[in-house]
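Trainee: Starting off with a structure, shown below.
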Amino acid sequence: GFDIGKLRANTGLVTLDSGYGNTAAYKSAITYLDGEQGILRYRGYPIEQLAERSSFLEVAYTLINGDLPKVDELADFKNEITQHTLLHEDVKRFFDGFPRDAHPMAMLSSVVSALSTFYQDSHNPFDEEQRHLSTIRLLAKLPTIAAYAYKKSIGHPFVYPRNDLGYVENFLRMTFSVPAQEYELDPVVVSALDKLLILHADHEQNCSTSTVRLVGSSQANMFASISAGISALWGPLHGGANQSVLEMLEGIQANGGDVDSFIRKVKNKEDGVRLMGFGHRVYKSFDPRAKIIKAAAHDVLSALGKSDELLDIALKLEEHALSDEYFVSRNLYPNVDFYTGLIYRAMGFPTEMFTVLFALGRLPGWIAQWHEMIKEPGSRIGRPRQIYTGEVLRDFVPVEGR
Ligand code: ACO
């Protein structure tokens, strides 16, 4: 006899927590987030101070190593990264194989995964020296891969990295220079992009970071784990929201700038339309990153002498939503993605590259969390449970008899 009671009992006590709203999967000393008060700190340092006074590579070092670097530590870190920016020539052939209209996030994730075929020394995650090397390689090469993905999409030749340039300058040049015309680096653009990368650098157990940790918990190498994180970031409910926000703003513009009817659609949940760039699982007040980015959007657009009708639409949407019962009662405020797209657009990036820029920023966070996971004593493979809802037991029937 079959005992359903026994089958149920074997599962033990299992909690069902849809979307992990209340389940902590890890202990972490990297990022502190208070969603009620809108506080975000990396390794204890407030995001506002880091955005104002630090640099992206300094923040990357801090996230990964735990403390702000001393002068020589930062110099060594930058120097090492600079020396690894080139991609193996064979990596270029991957881009030949992708269709020209391939989404750059797909290229990014594929090529990062492929790095583990070039660096097979990375396959043992318990080798500290190799972990360090994989860290440097990833930080150094992701901007090159991102720039190549862009060049592929517009049919331009790849621009090789230049070691005398800083991290952000190098990326901008590889993206926007063409052989006939060297890209002119604008300090306003460089500093704004550096700031945006800092603001994206970590955000505790978001979907992509949890993915990196889950894949890494099987002891898969860092390249494989981060490639999975890039795929998780791609979706419109996560990093892909920055692309969706801009598409939403363009849609409203094409509709004559009618903000009211768009808000009405959102409130009526027509065709599942959401106000993209609004709402957050953890923040129930203003996203502290969105505050800084909103100010930066104004600064960058005015410094570049660009007015953007889409910025006006965004401001109207925000104003409308912040005083509307639907959004207020659900604690829906602008998140990090609401204003970033406008800045990226003013810098000259096409919409499809927006999530790639998010990935460049989030990389140090993924790496730091992967290291923390691997080094945690007694760390176990990630393996959620389930509540089984299917048939309990059935007899097999051969195909002729069905
Ligand atoms: N527009 C309209 N309504 C919304 C929005 C939105 N942007 N976000 C949430 N809601 C509503 C939901 O419909 C739901 O309403 P209900 O109670 O009447 O059913 C309620 O608010 C709660 O929403 P959930 O989907 O349960 O919230 P959850 O925490 O699961 O989702 C998320 C968070 C995915 C960010 C959501 O707010 C969203 O889809 N936002 C738009 C996409 C976006 O901007 N994503 C970027 C997030 S930040 C990042 O990844 C960097």
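Trainee: Please give me the summed charge of the neighbours of ASP271: other residues whose Cβ is under 14 Å from its Cβ, Lys and Arg +1, Asp and Glu -1.
Mentor: +4
Trainee: Helix by helix through the chain, keep the DSSP H runs that span 24 Å or more along the axis on Cα and average at least -1.0 on Kyte-Doolittle, and give those back in order.
Mentor: Span-like helices, by this rule, are 128-154, 354-375.
Trainee: I've got another one for you. The range 40-143: percent of C-alpha pairs farther apart than 23 Å?
Mentor: 41
Trainee: Could you check how many percent of all C-alpha pairs in the range 288-402 are farther apart than 20 Å?
Mentor: 65
Trainee: What full-extension length gain, to one decimal in nm, is calculated for SER307 and SER379 as 0.36 nm per residue of separation minus the Cα-Cα distance?
Mentor: Additional length available on full extension: 20.8 nm.
Trainee: Oh, and also: What is the gain in length, in nm to one decimal, between PHE118 and VAL188 on full extension, counting 0.36 nm per residue of separation less the C-alpha to C-alpha distance?
Mentor: Full-extension gain reported as 21.5 nm.
Trainee: Just how far, in whole angstrom, is the range 115-142 from the range 29-75 if you go by their alpha carbon centroids?
Mentor: 23
Trainee: Continuing with the same structure: When a footprinting reagent is the concern and you count Cβ atoms within 10 Å, what order do ARG289, ARG100, ARG402 take, fewest first?
Mentor: ARG402, ARG100, ARG289
Trainee: Using the 10 angstrom Cβ neighbour count as an exposure proxy, how do ILE387, ILE47, ILE136 rank, fewest first?
Mentor: Ordered by Cβ neighbours within 10 Å, fewest first: ILE387, ILE136, ILE47.
Trainee: Quick one: which residues, 5+ away or cross-chain, put their amide H under 5 Å from the amide H of ILE39? H built at 1.01 Å from N.
Mentor: Counting only residues 5 or more places away or on other chains, the set is ASP34.
Trainee: Next question, about the same structure. Strictly greater than 36 Å: what percent of every Cα pair in the chain meets that?
Mentor: 29
Trainee: Then there's this: Could you tally the net charge around ARG173, taking each other residue with its Cβ under 15 Å from the Cβ of ARG173, Lys/Arg +1 and Asp/Glu -1?
Mentor: In short, -4.
Trainee: Measure up LYS70/LYS195; LYS92/LYS291; LYS151/LYS195 against 28 Å on the Cα-Cα distance and list the ones that go over.
Mentor: LYS92/LYS291
Trainee: Taking each pair of distinct Cα atoms in the range 346-402 once, what is the resulting Kirkwood hydrodynamic radius in Å?
Mentor: Its Kirkwood hydrodynamic radius stands at 17.3 Å.
Trainee: Which lysines, on any chain, are close to LYS27 with Cα under 25 Å apart, when same-chain ones fewer than 8 places away are left out?
Mentor: Once the sequence-local lysines are set aside, what remains near LYS27 is LYS284, LYS375.
Trainee: Moving on. Residues with beta-carbon under 11 Å from that of TYR32, excluding TYR32: net charge, scoring Lys, Arg +1 and Asp, Glu -1? Before the final figure, lay out the partial values.
Mentor: Numbers: positive: ARG41, ARG43; negative: ASP34, ASP202, GLU204.
In short, -1.
Trainee: Related question: Please label the shape of the range 131-253 as rounded, prolate or oblate, based on the square roots a ≥ b ≥ c of the eigenvalues of the alpha-carbon gyration tensor (a/c under 1.5 means rounded; beyond that, a/b larger than b/c means prolate, else oblate).
Mentor: Note, shape of the range 131-253 comes out oblate.
Trainee: What do you get for chymotrypsin sites (Phe, Trp or Tyr not before Pro) in the range 294-402 restricted to DSSP loop and a cutoff of at most 15 other Cβ within 10 Å of the site's Cβ?
Mentor: Of the chymotrypsin sites (Phe, Trp or Tyr not before Pro), the ones in loops of the range 294-402 whose Cβ has at most 15 other Cβ atoms within 10 Å are TYR388, PHE396.
Trainee: Moving on. At what distance in nm do the modelled label points of ARG100 and SER329 sit from each other, each positioned 7 Å from its Cα along Cα→Cβ?
Mentor: In this crude label model, ARG100 to SER329 measures out at 5.2 nm.
Trainee: Could you list which residues have their amide H under 5 Å from that of GLY257, counting only those 5 or more apart in sequence or on another chain, with H placed in the peptide plane?
Mentor: none
Trainee: Turning to a different aspect of this structure: Show log10 I(q)/I(0) for the range 48-100 at q = 0.16 Å⁻¹, two decimals, from a solvent-free Debye sum over equal Cα scatterers.
Mentor: Results for the range 48-100 at q = 0.16 Å⁻¹ read -0.63.
Trainee: I've got another one for you. Using 1/(1 + (r/R0)^6) with R0 = 35 angstrom and r between the beta carbons of LYS27 and ASN79, what's the FRET efficiency to the nearest 0.05?
Mentor: Efficiency, from the Cβ-Cβ distance: 0.60.
Trainee: What percent do you get for the relative contact order of the chain when only Cα pairs under 8 Å and 6+ apart count?
Mentor: On the way: 501 pairs, mean separation 92.9, N = 402.
Normalised by residue count, the contact order of the chain is 23 percent.
Trainee: Between LYS269 and GLU391, what's the calculated FRET efficiency when r is the beta-carbon distance and R0 is 35 Å? Round to 0.05. Intermediate results must be reported in sequence, preceding the final value.
Mentor: Details: r = 34 Å, r/R0 = 0.96.
Here the calculated transfer efficiency is 0.55.
Trainee: Right, something else. Among THR355, THR211, what is the fewest-to-most ranking by other Cβ atoms within 10 Å?
Mentor: THR211, THR355
Just so you know, all these numbers are worked out from the coordinates, no wet-lab data involved. Predicted model, so just to flag it, every value in this text is computed and none were measured. We place every Cβ from the backbone using ideal geometry, glycine too, and count neighbours over all the protein chains shown.
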